[in-house]
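Q: Got a structure for you, written out below as structure tokens; questions coming shortly.
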């Protein structure tokens, strides 16, 4: 943003807003009609040429106007997110009526967003940030040990672990102490190499058991037994010419139908407390290959501490970012009110 003066920023914003409205390349004559610019077409052409050299806009073919690049969209969105003031709309009453059941609420949110934005939407059921609360090893027989893994929120996972030698009570007690001393209160990201090395050092001859327990924990943490993704408005993408190509549309619809392919977006930054607000993925920033011609805007909702889900809106790169961001910000406020019983 530092490489652009105020005039260039205004012209870039005007180009993007015109392109969002029309889907057509924008010329200098169109920009000159903006009353707050008061610039000649020649001056605007020069500024647009500079913006093109800097990589914010480009000319799709000779004699055409300009359209935004991913870099231009990124700057526009960053300015929008920085300056946007939260606006609370009238969705609260509608959502509260559906709040008796979380599943109905989330499905209703997906449908409501699709209708209000005219884009494709997705909403996930909440995921639990699984911190280890307690581990209990119990011998089943000479060749098997039962590991009971208790996570925050009283989520319990049972894993049967094969062992090559029988473990006596003293050894099992020692392993229980080691596991709980080092792992209690940690989540997957915090179980790092130094922690594992210290555990193995303490375990001595029983390092393989510790390895097996850690694998069981990793598996339990990565499991999403009841995880669901609700989508709505999938056919809305066909309304936009740049996404209606048969091959592109087929890939997008398949991604939305399969849903599992959306997990890369859903999981991205959900564990990062600093990035739980609005996230915008433009073009190649999108981690899902079939959505490289799209923009995806997501927001993270929180039911309670450690319990998070995501809401996302998928559309063309020329989507109405201001409306989408405003709608998601408003929705987060309403969900926050519902989940935390605010008035």
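Q: For segment 189-211, state whether one or more residues are closer than 26 Å to residue 263 by Cβ, in contact (Cβ under 8 Å) with a residue 60 or more places away in the chain and surrounded by 12 or more Cβ atoms within 10 Å (Cβ to Cβ).
A: no
Q: Considering only segment 42-75, state which residues are buried (at least 19 other Cβ atoms within 10 Å of the Cβ) and out of contact with any helix residue (DSSP H, G or I) (no Cβ under 8 Å at 6 or more places or on another chain).
A: Matches in segment 42-75: 69 only.
Q: For segment 150-172, state whether one or more residues are touching a helix residue (DSSP H, G or I) at 6+ places or on another chain (Cβ under 7 Å), assigned by TED's automatic domain parsing to the domain that holds residue 218 and part of a helix (DSSP H, G or I).
A: Yes: segment 150-172 contains one or more residues that are touching a helix residue (DSSP H, G or I) at 6+ places or on another chain (Cβ under 7 Å), assigned by TED's automatic domain parsing to the domain that holds residue 218 and part of a helix (DSSP H, G or I).
Q: A follow-up question, please. Hey, residue 111 hits all of (1) more than 27 Å from residue 25 (Cα to Cα); (2) modelled with pLDDT under 75 but one; which does it fall short on?
A: Failed condition: (2).
Q: Going residue by residue through segment 117-131, is there one that turns out to be at pLDDT below 85 and part of a strand (DSSP E or B)?
A: Yes: segment 117-131 contains one or more residues that are at pLDDT below 85 and part of a strand (DSSP E or B).
Q: Could I ask something else about it? Looking at 146, 186, which one is surrounded by fewer than 17 Cβ atoms within 10 Å (Cβ to Cβ) and assigned to a loop (DSSP other than H, G, I, E, B)?
A: It is 186.
Q: Now a separate question. Could you tell me which of the residues 152, 170 is in contact (Cβ under 8 Å) with a residue 12 or more places away in the chain and more than 27 Å from residue 261 (Cα to Cα)?
A: That would be 152, the only listed residue that is in contact (Cβ under 8 Å) with a residue 12 or more places away in the chain and more than 27 Å from residue 261 (Cα to Cα).
Q: Please determine whether any residue of segment 96-103 is under 26 Å from residue 229 (Cα atoms), at pLDDT 80 or above and assigned by TED's automatic domain parsing to the domain that holds residue 320.
A: For segment 96-103, residues under 26 Å from residue 229 (Cα atoms), at pLDDT 80 or above and assigned by TED's automatic domain parsing to the domain that holds residue 320: absent.
Q: Hey, any hits in segment 247-268 for a residue that's under 28 Å from residue 15 (Cα atoms), in contact with a strand residue (DSSP E or B) (Cβ under 8 Å, 6 or more places away or on another chain) and at pLDDT below 90?
A: yes
Q: Which of the residues spanning segment 47-77 are part of a helix (DSSP H, G or I) and closer than 13 Å to residue 317 by Cβ?
A: Residues satisfying the conditions are 70, 71, 72, 73, 74, 76, 77.
The values are calculated or read from the model by the stated rules, or taken from the named source; none is laboratory data. Everything numeric in this text was worked out from a predicted model, so none of it was measured. Glycine gets a Cβ as well: all are built from the backbone with ideal geometry, and neighbour counts include every protein chain shown.
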